[in-house]
Each structure stands twice: as C-alpha cells, then as structure tokens.
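Read the figures in this text as sums done on the coordinates, not as results from a lab. Predicted model, so just to flag it, every value in this text is computed and none were measured. Please note: Cβ atoms are built from the backbone with ideal geometry, for glycine as well, and neighbour counts cover all protein chains shown.
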Amino acid sequence: MHRWMGPRFKYSEITPKEVYFSRRQLLAGAGGLIAAHTTGATASAATFETSPSRWSIDDRPNSYDDITSYNNFYEFGYDKADPKRHAGQLTTDPWSVVIDGKVRRPGTYGLEDIVKPASLEERIYRLRCVEAWSMVIPWVGFPLADVLAMADPDSGAKYVAFETLYRPEEMPAQRGVFQSLDWPYVEGLRLDEAMHPLTILAVGLYGEELPNQNGAPLRLVVPWKYGFKSIKSIVRISLTDTEPPTTWNLQAPREYGFYSNVNPEVSHPRWSQATERVVGGGLLSPRRDTEMFNGYAEAVGSLYSGMDLKKNF
Ligand SMILES: Nc1nc2c(c(=O)[nH]1)N[C@H]1C(S)=C(S)[C@@H](COP(=O)(O)O)O[C@H]1N2
Ligand SMILES: [Mo]
C-alpha cells in the first residue's frame, strides 16, 4: 500500500494559469472545440463537436443528473454520492499519459497529443455495473485503437494495462491507514479486446467535457464488460506480454475475474446477474433482462470462441 509523504498543497495552487488553460486552447486550435468559456479561476466544461456512430444504441440516455451524481469512483469514497461531492478538487489540466512497455514509440504524451478533436464521436452505450444496475450514457470519445496505433505495439505486445492517477492530496479516499482498495486502481484488456472498435477512450458525455466524477479527463469505456473494467482518469497505458493485474481481481479473485464480460448466465457468488435495475427508472419500474455481452454478442462473441466463459469469468 502506498503512503503519501509529500506536500499538502493542491496542484491547482501551483499550476500557472497559462498552463491551466492550455489544454482547452489546444483543443480549440485544432478545430473540434466549438465553445470554451472560463468563469473566474476555473474553466467550465468545454463543448465538443462529434459525429454519430453506428456503434451507438437507440435507447434513450439517462439524464445528465443520473449519470453525474450516481457514480463509482472509490478514490473519492465508496458511497454513490461521494464522487460528485469530492471530485471537484481534482486537477485535470495539464494532464499527461505515459505510454510504455512493448511499443516502438514509448513516451509521456500530453492529452492534446492523444485526443484528436476531429475524431471524436458520440457513443451511446449501456453501462452495466457488476452490482446489477445499468444506465445509458452518451459518451464523447474515440477508439482506443487510434492511441495504440500511435504508440505502435511491437510483436511482443499481448495485453494492455491501464493505471489511474494516484494523488492522495486530491483523492481523499487514498489517504489514511485503512484503504478500501490498493492504489493506484489498475485494469487490463487483451490486445484484441483493446483494439476492438467498440472500445473507446472517453473525454466527454452529453457533448461536454467529462465531469471529474466520471473519470476526467480521459477514461476507458468497454461496453460489453462490467463497469469496473472502464477505468477512470488514466495516467498510464502499458503494453505487456503477460496478463496484467486488475484491482477488483486482486481484491476478491473469486468474485471478479480478468475478463468480466457481462454474462446473465454466470452469477456473481453473492447475487444473480440475470437482471439489472435500471437507474432512473423509478421505484416501480421493472428490472431489465441482462443481455449476453451487454447486447454486443454479435460484435464481440468471436473474441471468445472456444473459451469456457464460466471458467474465464
Ligand atoms: N479509477 C477508478 N475507475 C473506475 C472505478 C473506480 O472506483 N476507480 N469504478 C468503476 C465502476 S465499478 C464503474 S460501474 C464505473 C462507473 O462509471 P461512471 O461513474 O462514469 O458511471 O467506473 C469504473 N471505473
Ligand atoms: Mo461497477
């Protein structure tokens, strides 16, 4: 477990204003940003121009309020209301991502090197949490495959490992002696899963920059897997030749596997995964039947042909 020994100031206090706003200016300069305004000392959400995607579902998205006030982001606490309450203190600009491991172009990439405004799409996906609830979210993002291509994996690359920010002075649940999880939060995918066109890096939702509680400024979204695979606030992407460790698997290996594909036929040891509560549906709304691969069986089933999905849960 990590122990924070460093200073107690906030990053925002030591970040010069010019640097603080540089990301939005860069995105605007590249032509994808149609409106960015600042209010006082902090910038408000920027608006993105996106193109629609054939990968979107037709379901009506949940409200902005549902999506941004009912969250799992344990770095800010384990209650669903904690991320919205506490994530405002997170500094997300400037932001960089280390891309390393089995790639020909390793390096520390600025967010503006990774996010190409012209490639942003709206992706309306259902998020199915392993806790058996779901909601529909209109993400703004682009294929993870684009970033992997930029880094140019070498022939030894078989998996992609992801890491969330570790910054206890801005993430209150990372402080203190008793920790809910081992930090930083880590996740991973097989390379073919990572390259699948459904797998995106999201930078926004409802056409605006991601609120911090949803994983600003850059988070993974893998819609056919349980929500915990969709790691937030990413600072490192490493290509590896062995299956990387994942936070919830480390925490409870019998309950959370590496694959964690949505599967109504494989129960969690403590509850059924056959149905899900629809967030925002109201008290009397019926539960929804959970779909194999969260509805994407046709698109991703072949990735797992010949695999025993009960063993590889
Ligand atoms: N770093 C980090 N990423 C995370 C989590 C977390 O606690 N920490 N929670 C996961 C879980 S359990 C879910 S269901 C989704 C929730 O995403 P949302 O709050 O944007 O709906 O984020 C996932 N990514
Ligand atoms: Mo989740």
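Among the trypsin sites (Lys or Arg not before Pro) within the range 41-135, those in coil by DSSP and having at most 12 neighbouring Cβ atoms inside 10 Å are ARG54, ARG104. Here's the list of aspartates and glutamates a cross-link from LYS158 could span, going by alpha-carbon distance under 13 Å and ignoring same-chain residues fewer than 8 apart: ASP192, GLU193, ASP241, GLU243. The 3J(HN,Hα) values that the Karplus relation (6.51, -1.76, 1.60; θ = phi - 60°) gives for the range 141-148 are, in residue order, x, 8, x, 4, 3, 4, 6, 5 Hz. Gly and Pro appear as x. Backbone geometry of the range 105-121 corresponds, through the Karplus equation with coefficients 6.51, -1.76 and 1.60 at θ = phi - 60°, to 3J(HN,Hα) couplings of 10, x, x, 9, 9, x, 3, 5, 7, 8, 9, 9, x, 5, 9, 6, 10 Hz, x marking Gly and Pro. A convex hull fitted to the Cα coordinates of the range 189-278 yields 131 cubic angstrom per residue. Across all Cα atoms of the range 11-303, the radius of gyration (one decimal) and Dmax (whole number) stand at 18.3, 54 Å. For trypsin sites (Lys or Arg not before Pro), the sites in the range 184-264 that DSSP calls loop and that have at most 12 other Cβ atoms within 10 Å are ARG254.
Every helix of 4 or more DSSP H residues in the chain counts as -39500 (n - 2.57), and over all residues that averages to -3500 deg cm²/dmol at 222 nm.
Pairs with C-alpha atoms separated by more than 23 Å, drawn from the list LYS232/LYS311; LYS102/LYS225; LYS84/LYS229, are LYS232/LYS311; LYS102/LYS225. Backbone geometry of the range 258-272 corresponds, through the Karplus equation with coefficients 6.51, -1.76 and 1.60 at θ = phi - 60°, to 3J(HN,Hα) couplings of 5, 6, 6, 6, 4, 8, x, 8, 10, 6, 5, x, 10, 7, 6 Hz, x marking Gly and Pro.
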